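The values are calculated or read from the model by the stated rules, or taken from the named source; none is laboratory data. Given the structure is predicted, the values throughout are model-derived calculations rather than measurements. Glycine gets a Cβ as well: all are built from the backbone with ideal geometry, and neighbour counts include every protein chain shown.
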Amino acid sequence: MIKAVIDTHGLLNSIPKSGSYRWLYDAFIREEFIWVFSNEIISEYAETINREFDAQAMEIVFSILLTSINTQRYEPSYKWQLVTTDPDDNRSGEPQIRRLRHRCQCRLFSHQRQAHS
């Protein structure tokens, strides 16, 4: 199953029924992907939802995110700090970098196995 780190913009636009990213919410509810987030990302979600919507919307979003079976918490062990113009954007990048590194290691392992067969 696909694992995805969703930035705050994507989340905000998936909340309203007429939102431009509503397909994201629908795909999540259908369990088509695993939503990956860290405590830092959750904090940014909370801060932004609270500012853009109301407390009830924040409660609903978090009850869905924190109780769904297709979520995964990931806490990065290293902070890459690749984005210098908007440091908050680093929050969603850290888990993606780890996933890319893992995918590369898997491909290397796969190629090594083929070479030895």
Subset of region 51-87 that is at pLDDT 90 or above and of a type in the set (Ser, Thr, Tyr) - its residue that is nearest to the chain's Cα centre (by Cα): 71
All positions within region 53-70 that are surrounded by 13 or more Cβ atoms within 10 Å (Cβ to Cβ), of a type in the set (Gly, Ala, Ser) and assigned to a helix (DSSP H, G or I): 57
Residue, farthest from residue 67 (Cα to Cα), within region 1-26, restricted to residues that are of a type in the set (A, V, I, L, M) and assigned to a strand (DSSP E or B): 2
Region 27-52 - residue that is in contact (Cβ under 8 Å) with a residue 40 or more places away in the chain and not in a strand (DSSP E or B) and, of those, surrounded by the most Cβ atoms within 10 Å (Cβ to Cβ): 41
